[in-house]
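Take this structure first; my questions come after.
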Amino acid sequence: MMQTPARKPAHPGDRILWVPEICELTGSSNKTVYAWFSRGVLPCVKLGGRRGCWRSDLEEITQPQTAA
């Protein structure tokens with residue numbers, strides 16, 4: 001599993017979202033979220049045996065892509 005080291009928030013208000021929160025925000029299952037972590041689609045933060053991601057990282061992958 002690819003993991004990013006726990007880092008300071010990129011901007012004020014950024015925080016770690018845990019798997020249940022990610023599922024709720026994206027409408028995805030636990031299995032899907034863990035697959036995103038495994039494939040490196042969503043950078044994973046592991047803290048005290050729990051896995052999650054930074055809110056800003058989730059926003060980056062869930063924002064619609066715009067053509068340049």
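What are the pairs, 6+ residues apart or on separate chains, where a residue within the range 47-65 that is in a helix (DSSP H, G or I) has its Cβ under 6 Å from a residue that is surrounded by fewer than 13 Cβ atoms within 10 Å (Cβ to Cβ)?
Arg55/Arg15; Ser56/Ala10
Within the range 25-65, restricting attention to residues that are closer than 19 Å to His11 by Cα and polar (S, T, N, Q), which residue is surrounded by the most Cβ atoms within 10 Å (Cβ to Cβ)?
Step by step, filter the range 25-65, then rank; the result is Ser56.
Does at least one position in the range 45-65 carry a residue that is in contact with a Ser or Thr (Cβ under 7 Å, 6 or more places away or on another chain) and modelled with pLDDT under 90?
Yes, some residue in the range 45-65 is in contact with a Ser or Thr (Cβ under 7 Å, 6 or more places away or on another chain) and modelled with pLDDT under 90.
In addition: Quick one: in the range 1-24, of everything that is loosely packed, with under 14 Cβ neighbours inside 10 Å and modelled with pLDDT of 95 or more, which residue is nearest to Gln63 (Cα to Cα)?
So the residue we want is Glu24.
Something else about it: For the range 27-46, what are the residues that are hydrophobic (A, V, I, L, M, F, W, C) and either without any contact (Cβ under 8 Å) to a residue 12 or more places away in the chain or under 15 Å from Leu17 (Cα atoms) (or both)?
Listed by number, the residues that qualify are Val33, Ala35, Trp36, Phe37, Leu42, Cys44, Val45.
The values are calculated or read from the model by the stated rules, or taken from the named source; none is laboratory data. Source: prediction; values computed, not measured. Using ideal geometry, Cβ is built from the backbone for each residue, glycine included, and neighbour counts are taken over all protein chains shown.
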